[in-house]
1. State the Kirkwood hydrodynamic radius of the stretch 133-198 in Å, one decimal place, computed from all pairs of distinct Cα atoms.
2. Along the charge dipole of the chain, Cβ charges K/R +1 and D/E -1, which of ALA220, PRO133, SER90 sits furthest on the positive end?
3. If you average over every viewing direction, what projected area does the convex hull of the Cα atoms of the stretch 181-320 give, in nm²?
4. Using only Cα atoms, what is the ratio of the radius of gyration of the stretch 43-127 to 2.2 N^0.38 Å?
5. Work out how far the C-alpha atoms of the stretch 1-92 reach from end to end along every principal axis, then list the three figures in whole Å, largest first.
6. How would you rank 214-223, 179-188, 61-70, highest first, on the average number of other Cβ atoms within 10 Å across their residues?
7. Classify the stretch 286-377 as rounded, prolate or oblate, taking a ≥ b ≥ c as the square roots of the eigenvalues of its Cα gyration tensor: rounded when a/c is under 1.5, otherwise prolate if a/b is larger than b/c and oblate if not.
8. Lys and Arg at +1, Asp and Glu at -1: add these up for the other residues within a Cβ distance under 12 Å of LYS362 and post the number.
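The values are calculated or read from the model by the stated rules, or taken from the named source; none is laboratory data. It should be emphasised that the depicted structure is a prediction, and the values quoted were computed from it without experimental measurement. FYI the Cβ positions are ideal-geometry reconstructions off the backbone, even for glycines, and counts take in every protein chain you see. For the accessible areas, the whole protein counts, side chains as well, though only heavy atoms, and no ligand, DNA or RNA atoms are used. Shrake-Rupley method; radii C 1.70, N 1.55, O 1.52, S 1.80 Å.
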Amino acid sequence: MEVIATDCQEYELKSVLKKVREALTKLQVEQLVVRGDKVLLKPNLLSPHQPEAGITTHPVVVEAVIRYFQQLGAEVKVGESSGGMMVNQSLTEQAFEKTGVLAVCQKLDVEVVNFDRVSTRVLSSDKYEFPLPEVLLEADLVVSLPKLKTHSLTLFTGAVKNLYGCIPGMKKVEYHRSCPHPVDFSELVVDIFELVKPDLAIMDGIVGLEGNGPGSTGDACQMGVILASQDLVALDTVAASYLGYTQNQVPITRIAAERGLGSNRLEQIEIIGGYQPSQQEYRLPSNALLSLLPNWLLQPLFGSLLSQPIINQQECIECQLCVQSCPQEVIIERQGLEIEEEGCIKCLCCQELCPQEAITVKEHSLVRLIRSIKEFLG
Ligand code: SF4
Ligand code: SF4
């Protein structure tokens, strides 16, 4: 399976358009589209952030992909359900606006679809039922447009994890509650991937996110790459390797490959396009260190070893976003907002969505010890 990885260092429309067109031509994407086809683009607009934060798919990349498909005569729509809900208010609208994607869609006369507000059809996997937007299921072509990022819970978020944003609003919170373990949650994400069956992914890795992503506690980092593939698992495997992950470290790609949904073996993936990954060592989320522990120790202790979120009262503006998005309802008012550790499943939804970077994570002492040993050994 082919993954295109092309060098692209800045968000300059002309050059991004050229790189996107070259990548999609190599993949012969024009053969997948007939004039009049409905093409649904799914960017990652996790929460309302400026494009420079490195958290959301950059509007220039979205614009380049829209223009490519419009030139083929397709009817393009852009759909998303962002990560949180306020009472009676979908964050998705704010996210479309603040990320600059709304302005691009308006300029190119493209319909913006807020997945929180459209009709859905329920599809089932072996374990779960998922309400999925009709507009997504009826599209002739579904294209995942992820951002290249670390993720504190699933370690990496890319083309496959991006599909979690096809689930409308608060339903996402319910799944977090029913799947607190990262591997169970990853299984659920792969279920969604299997049901949505996207045709293609184009990843914005020009500026990525390292550290404790996928929200504002991660740090934007220059990576200088656009990736594209029809094998979303292979694309994610390549992108995750650029951050420094090993083959089986990211549960979503491992599970998807085990189910035969794509390849997570770098030696079997043909990477073309000439991108030379940087030798820079990117910072992985704290929880990534847990994969260095042997399974016999990790399995029984896993939940208690995950990093614990903590609210920094000095930074908190009491916007209530975390309170309303917490699946366990353990963020409570005492003297300021606090997280009750007992009951917290460490899904880190609160951290993902906090607009103030007011939620940090406290590493378990064992993880701190592993970090010290690792640094000592170089
Ligand atoms: S911690 Fe963040 S999300 Fe929660 S209330 Fe404070 S500012 Fe809002
Ligand atoms: S406090 Fe944060 S990490 Fe804990 S359950 Fe709630 S949203 Fe998840």
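1. 12.5 Å
2. Final value for the positive-end residue is ALA220.
3. Details: hull surface 43.1 nm².
Averaged projected hull area, Cα only: 10.8 nm².
4. This ratio for the stretch 43-127 stands at 1.17.
5. Cα extents, longest axis first: 44, 33, 27 Å.
6. Details: 214-223: 21.4, 179-188: 19.0, 61-70: 23.3.
Top of the packing list down: 61-70, 214-223, 179-188.
7. Prolate is the answer for the stretch 286-377, as a/c is 1.5 or above and a/b outweighs b/c.
8. Numbers: positive: LYS346, ARG368; negative: GLU341, GLU363.
Around LYS362, the charge tally is 0.
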